[in-house]
Every structure is written in C-alpha cells, then in structure tokens.
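Report on the following structure.
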Amino acid sequence: MTSAQQAFRNKAKMVVSGSVERPVLGMVQCDGTAVDLSACPLYPASFTPVFTALKPFIARAGLTSYNVVRRRGELKFLLLTESTQGSMMLRSREKLDQLRAALPWLQQLL
C-alpha cells in the first residue's frame, strides 16, 4: 500500500531562522541560507494558517532565531503536531516564559 503523495504528515519540525521581524520556518542549508518550508505540500492544509500565525507570534514574543553560522540566538526550532481529532500541539524547549506570555495572542488569532 502506498501513502498519499501530499498532505500526509501530521508533524512538522521547523528550524526557526531569519530575524525577529521576519522569521523563516523550515530548514537551514550548509551555507547558512534559510529555506522556508511553510508551504511544503507534505503538510496538510490545516498547517498553513498556523505557520502564517507563528511568524508574527515569534516577532511578538521577541525571540531571536538561532544562527547556526554565528552560534547565537534563542529559538532553534518549533514542533507542530496535529492529532487525528484535529487539535494542534506546538512545542519548543527555548524561552518558555516569552512563549507563554505571547501564547494568548496566538490562541485568539487561531
């Protein structure tokens, strides 16, 4: 049995790069170039509004994305998981106090 070719993932581990004002969610290439994967067809359509909201959320929380080349920054990645019932869970290990302070804004937006 083969799986679907699109929208089959229920988890996304997104490296956070870019700047506080313009975060990029996706991956970082070996040369340090950020690649935005928020429109990746492997994720279901329900992830799109969450990824869209997470970018201003990161800026609102004032989190500096981690820069691999410089080895500086606060926020390395975010994990987004969707349950079979459609609820979402967002996780990160970095700067929990800042994330919790900005969370009500994100919840209201979504």
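The values are calculated or read from the model by the stated rules, or taken from the named source; none is laboratory data. Everything numeric in this text was worked out from a predicted model, so none of it was measured. Positions of Cβ are backbone-derived with ideal geometry, glycine not excepted, and every protein chain shown enters the neighbour counts. Heavy atoms of the whole protein, side chains included, go into the accessibility calculation; ligands, DNA and RNA do not. Shrake-Rupley method; radii C 1.70, N 1.55, O 1.52, S 1.80 Å.
How long, wide and thick is region 1-47, going by the Cα atoms along their three principal axes, in whole angstroms, largest first?
That works out to 41, 24, 13 Å along the principal axes.
With θ set to phi - 60° and the Karplus curve 6.51 cos²θ - 1.76 cosθ + 1.60, what are the ³J(HN,Hα) couplings of region 96-104 in order, to the nearest whole Hz, using x for Gly and Pro?
For region 96-104, the Karplus curve yields 4, 4, 5, 5, 5, 5, 8, 4, x Hz.
Counting only C-alpha contacts under 8 Å and six or more residues apart, can you give the relative contact order of the chain as a whole percent?
Details: 175 pairs, mean separation 29.7, N = 110.
Computed over the chain, the figure is 27 percent.
Can you give me the accessible area per residue for region 13-91, using a 1.4 Å probe, in Å²?
Numbers: 4560 Å² over 79 residues.
Counting only protein heavy atoms, the per-residue value for region 13-91 is 58 Å².
Bins of 10 Å, beginning at zero and ending with the bin holding the largest distance: percent of Cα pairs per bin for the chain, please.
14, 47, 31, 8, 1
On the protein heavy atoms, probe 1.4 angstrom, tell me the percent of accessible surface of the chain carried by carbon and sulfur. Walk me through the intermediate numbers first.
On the way: 3840 of 7380 Å².
Of all accessible area on the chain, carbon and sulfur atoms account for 52 percent.
Which residue, M27, Y66, T48, has the largest displacement toward the positive end of the dipole of the chain when charges sit on each Cβ (Lys, Arg +1; Asp, Glu -1)?
Toward the positive end, the furthest listed residue is Y66.
Per DSSP H run of n ≥ 4, the term is -39500 (n - 2.57); total these for the chain, divide by its residue number, and report the mean residue ellipticity at 222 nm rounded to 500 deg cm²/dmol.
Details: 2 runs with 29 residues, N = 110.
Using -39500 (n - 2.57) per qualifying helix, the result is -8500 deg cm²/dmol.
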